[in-house]
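Asker: Supplied in structure tokens, the structure appears directly below.
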Amino acid sequence: MNNPNQIKLPALPYAESALEPVISAKTISFHYGKHHQTYVDKLNQLISGTEFEGLPLEDIIRKTADNAEYTGVFNNAAQVWNHTFFWNSLTPEGGGKPAEGLMKNIAESFGSFEAFSDEFTKAAKTQFGSGWAWLVLDGTKLKVIKTANAETPLTMGVQPLLTIDVWEHAYYLDYQNRRPEYISGVLENLINWDFAEKNQNLNL
């Protein structure tokens, strides 16, 4: 019987094969079906019978951030949220450039779209080990940040607009150690600028 208090694995916003050839159905099957599902399952085990059971995912993340007693809860909760945000940051007909509103803010914040793209690519390439590169809104200014492991902008007082996952399980089956090739493929072909625009408009 389903427990209504459990955190659920959100459905993918597209078919597992929809991001090919940049990201294969096999990678999505493992990344979403195994890794993401495992974070959900582990989180539900950890919060069962605790003060966190039944809370929205974002509340669990904020309540357990920087608290050594709840590191396991935070890591799994943040990874559930980060991965869901990542899937929505991608779309089969993505890439290119954003619409006028977001493009204007990118130009004002970075100088040009090309400067943004270079900075975002550098952040994704240089994140040591496992982690994420993010485009975030800090007040009215856009910034590129990177986070390690399960760290998330949700705890930093900024609004995330989009992200790219640079954990090895995000690309290793398709690209092995060629992380830069994976990053450029995602930016050029899959980035969901409509999703980023909607997130920007939440705070403007």
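Asker: Could you give me the radius of gyration and the Dmax of the stretch 5-96, taking only the C-alpha atoms into account and expressing both in angstrom?
Answerer: Final numbers for Rg and Dmax: 14.6, 46 Å.
Asker: Give me the percent relative contact order of the stretch 73-173, please, defined on Cα pairs under 8 angstrom at least 6 residues apart.
Answerer: Normalised by residue count, the contact order of the stretch 73-173 is 29 percent.
Asker: Between Leu12, Leu187, Leu142, where does the largest GNM mean-square fluctuation fall for the chain, given springs only between Cα atoms within less than 10 Å?
Answerer: Of Leu12, Leu187, Leu142, the Gaussian network model singles out Leu12 as fluctuating most.
Asker: Using Cα positions and a limit of under 24 Å, work out the lysines in reach of Lys42, with same-chain residues fewer than 8 apart set aside.
Answerer: The qualifying lysines are Lys8, Lys26, Lys34, Lys63.
Asker: Let me ask another. Give, as ranges by residue number, the residues of the stretch 74-92 whose backbone N falls under 17 Å from the point 7 Å along Cα→Cβ of Gln37.
Answerer: Zone members listed by number: 80, 83-84.
Asker: Then there's this: Just to verify a number: what accessible area does Lys97 come out at with the full protein assembly present, 1.4 Å probe, Å² rounded to tens?
Answerer: That residue has around 120 Å² of solvent-accessible surface.
Asker: Can I ask one more? Say we join alpha carbon atoms closer than 10 Å with springs in a Gaussian network model of the chain; which of His36, His169, His83 then has the biggest fluctuation?
Answerer: His169
Asker: Which one of Gly185, Gly49, Gly33 has the biggest mean-square fluctuation once the chain is modelled by GNM with Cα springs under 10 Å?
Answerer: Highest fluctuation of the listed residues: Gly49.
Asker: Please give the helix 179-189 orientation as an angle from the longest Cα principal axis of the chain, in degrees from 0 to 90, rounded to the nearest 10.
Answerer: So the helix axis and the longest Cα principal axis differ by about 70 degrees.
Asker: Tell me the net charge near Arg179. Cut-off is 9 Å between Cβ atoms, Arg179 excluded, with +1 for each Lys or Arg and -1 for each Asp or Glu.
Answerer: 0
Asker: Pull up the cross-link candidates among the lysines for Lys146, meaning alpha carbon to alpha carbon under 20 Å and not fewer than 8 places away within one chain.
Answerer: Cα-Cα hits under 20 Å: Lys122, Lys125.
Asker: Same structure again: If you add up the charges near Pro21, with Lys and Arg at +1 and Asp and Glu at -1, over every other residue whose beta carbon is less than 15 angstrom from its beta carbon, what do you get?
Answerer: Taking every Cβ under 15 Å from that of Pro21, the sum is -4.
Asker: Putting +1 on Lys and Arg Cβ atoms and -1 on Asp and Glu Cβ atoms, find which of Asn67, Gly33, Trp81 reaches farthest to the positive end of the dipole of the stretch 1-126.
Answerer: The residue sitting farthest along the positive end of the dipole is Gly33.
Asker: While we're on this one: Tell me the angle of helix 113-126 to the major Cα principal axis of the chain, expressed in degrees between 0 and 90 and rounded to the nearest ten.
Answerer: 40
Asker: Can I ask one more? I'd like to know how the stretch 48-103 sits against the 2.2 N^0.38 Å rule of thumb: what's its Cα Rg over that expected value?
Answerer: In units of the 2.2 N^0.38 Å rule of thumb, it is 1.57.
Asker: While we're on this one: Evaluate the distance, in nm, between pseudo-label points positioned 7 Å from the Cα of Lys125 and of Tyr172 along their respective Cα→Cβ axes.
Answerer: So the label points at Lys125 and Tyr172 sit 2.2 nm apart.
Asker: Still on this model: Roughly what % of Cα-Cα distances in the stretch 130-204 sit above 18 Å, to the whole percent?
Answerer: Of all Cα-Cα pairs in the stretch 130-204, 43 percent lie more than 18 Å apart.
Asker: In angstroms, what radius of gyration and Dmax does the chain have, counting Cα atoms only?
Answerer: My reading of the Cα-based Rg and Dmax gives 16.8, 54 Å.
Asker: Can you send over the carbon and sulfur percentage of the accessible area for the stretch 1-58, probe radius 1.4 Å, protein chains only?
Answerer: Taking all protein chains in place, the stretch 1-58 shows 52 percent carbon and sulfur surface.
Asker: Report the local net charge at His31: Lys and Arg +1, Asp and Glu -1, summed over other residues whose C-beta lies under 14 Å from its C-beta.
Answerer: It works out to a net charge of -3.
The values are calculated or read from the model by the stated rules, or taken from the named source; none is laboratory data. Here the structure is a predicted model, which is why all the values come from computation and not from measurement. Positions of Cβ are generated from backbone atoms using ideal geometry, with glycine treated the same way; all protein chains shown enter the neighbour counts. What goes into the accessible areas is simple: the full protein's heavy atoms, side chains included, and nothing from ligands, DNA or RNA. Shrake-Rupley method; radii C 1.70, N 1.55, O 1.52, S 1.80 Å.
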